[in-house]
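A short write-up of the structure that comes next.
The values are calculated or read from the model by the stated rules, or taken from the named source; none is laboratory data. Note that the structure is predicted; figures quoted are calculated from it, not measured. Positions of Cβ are backbone-derived with ideal geometry, glycine not excepted, and every protein chain shown enters the neighbour counts.
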Amino acid sequence: MTRFARRSVLALASAAAFSLSLPALAQSPIVIKFSHVVAQNTPKGKAAEFFAKRAGELTKGRVKVEVYANSSLYKDKEEMEALQLGAVQMLAPSLAKFGPLGVKEFEAFDLPFIFDDYAELHKVTQGPVGKALLAKLEPKGIKGLAYWDNGFKSFSANTPLHVPADYKGKKFRIQSSKVLEEQIRALGAIPQVMAFSEVYQALQTGVVDGTENPISNFYTQKMHEVQKHLSLTNHGYLGYAVITNKKFWDGLPADIRGELEQALKEATDYANKIAQEENDSALEAVRKSGKTTVYTPTAEERLALKKVLAPVHTKMADRVGKETLQEIYKVTGFDPNKL
């Protein structure tokens, strides 16, 4: 974050803290600023709006959730600090964002092919392993509330991506994650960490050759306009953790907090229900656009990709925590050594 941006965040945080302390505003709605970096018509964008609506209804107007989509308030690198400082009250960052924060165990979600489908994934996110991971955020002043799905990622580029050799030498945009860096290197490609809001222009100008995204993000960010090929690899998962400023959350009246928890539960069910639907409809829209050639890898090609990426699990085990990794393997049945 630049010095100017940090000053802006601090100023907003001070203003937010001041406004919450004024007795005169006791009868005013509690305002929750909910910032995120994707478009409104994505699974996360729709779920955030759903939560805002239900929060207002369940609290009978005592809470007003203001949703700021598409990096309109903060970019990737700014929003976490803004939350910790109290400038915003809620975020739904991708799980990769917690590694740079110091909670590296979340980077286990970035490991290639660790989940075969949503059923395996939900055994982790909706079970004891998922809860234990969210609890690790509390020393950072962050309260983890829920996991929201987006979907499984696919690779795109301006040349076909059929076999591992097709990736060599290409520059791929990734989120800030050591696991994703290692994944791209395992393919013989070059990882480029970049804010989500900057990806379209980087693809358009050739700063990067390709990227990895769930199809809903690929389509709503118009990446299909600047990527000629999309390979449906489903090699990795992209999900979000809905988080809040712990001090703010703990300071809410108990009845309001309970109503917000109910609103969030409903929003989570909604988010996870529409995730697959949104990605399916986005894929159909990409096909209809005629701008991107969509390719489905054969079973043999998918297995070849799995084998090339399996060593990433071993190399990153110490970073994400062997105990966490074993707990996930135990739930999903995945074993990278048996590929």
GLU81 fails exactly one of the following numbered conditions: (1) crowded, with 23+ Cβ neighbours inside 10 Å; (2) charged (D, E, K, R); (3) closer than 19 Å to THR244 by Cβ. What is the number of that condition? (1)
Being part of a loop (DSSP other than H, G, I, E, B) and among the charged types (D, E, K, R) is the filter; apply it to region 141-175 and report the residue that is nearest to the chain's Cα centre (by Cα). LYS170
Could you check region 289-338 and list, in sequence order, the residues that are touching a Leu at 6+ places or on another chain (Cβ under 7 Å), within 30 Å of LYS136 (Cβ to Cβ), among the aliphatic types (A, V, I, L, M) and part of a helix (DSSP H, G or I)? VAL312, MET316, ALA317
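Per-residue answers, yes or no, for (1) within 24 Å of VAL312 (Cβ to Cβ); (2) of a type outside the set (A, V, I, L, M):
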| site | (1), (2) |
| --- | --- |
| ALA48 | no, no |
| ALA52 | no, no |
| VAL65 | no, no |
| ALA69 | no, no |
| LYS97 | yes, yes |
| ALA119 | yes, no |
| LYS123 | yes, yes |
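Can you tell me which residue in region 282-305 is surrounded by the fewest Cβ atoms within 10 Å (Cβ to Cβ), limited to those that are of a type in the set (Ser, Thr, Tyr) and in contact with a helix residue (DSSP H, G or I) (Cβ under 7 Å, 6 or more places away or on another chain)?
Filtering region 282-305 for residues of a type in the set (Ser, Thr, Tyr) gives 289, 292-293, 295-296, 298.
Next, from what is left, pick out any that are in contact with a helix residue (DSSP H, G or I) (Cβ under 7 Å, 6 or more places away or on another chain): 289, 292.
Working: SER289: 12, THR292: 20.
Checked region 282-305; the qualifying residue surrounded by the fewest Cβ atoms within 10 Å (Cβ to Cβ) is SER289.
Would region 295-305 turn up any residue that is within 21 Å of the chain's Cα centre (by Cα) and in contact (Cβ under 8 Å) with a residue 40 or more places away in the chain? Show your work before the answer.
Filtering region 295-305 down to residues within 21 Å of the chain's Cα centre (by Cα) leaves none.
There is no residue in region 295-305 that is within 21 Å of the chain's Cα centre (by Cα) and in contact (Cβ under 8 Å) with a residue 40 or more places away in the chain.
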Go through region 143-200 and count every residue that is buried (at least 19 other Cβ atoms within 10 Å of the Cβ), among the small types (Gly, Ala, Ser) and under 16 Å from LEU305 (Cβ atoms). 4
Is one or more of the residues making up region 233-255 of a type in the set (Asp, Glu) and closer than 21 Å to ASP116 by Cβ? no
Name, by its number, the condition in (1) surrounded by 15 or more Cβ atoms within 10 Å (Cβ to Cβ); (2) more than 30 Å from PHE334 (Cα to Cα); (3) among the acidic types (Asp, Glu) that does not hold for GLU212. (2)
Given the criteria at pLDDT 95 or above, more than 15 Å from the chain's Cα centre (by Cα) and in a helix (DSSP H, G or I), does VAL129 qualify? yes
Within region 108-120, restricting to residues that are part of a helix (DSSP H, G or I) and surrounded by fewer than 23 Cβ atoms within 10 Å (Cβ to Cβ), the one that is nearest to the chain's Cα centre (by Cα) is TYR118
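Evaluate the following for PRO100: is it crowded, with 18+ Cβ neighbours inside 10 Å and in contact (Cβ under 8 Å) with a residue 60 or more places away in the chain?
no
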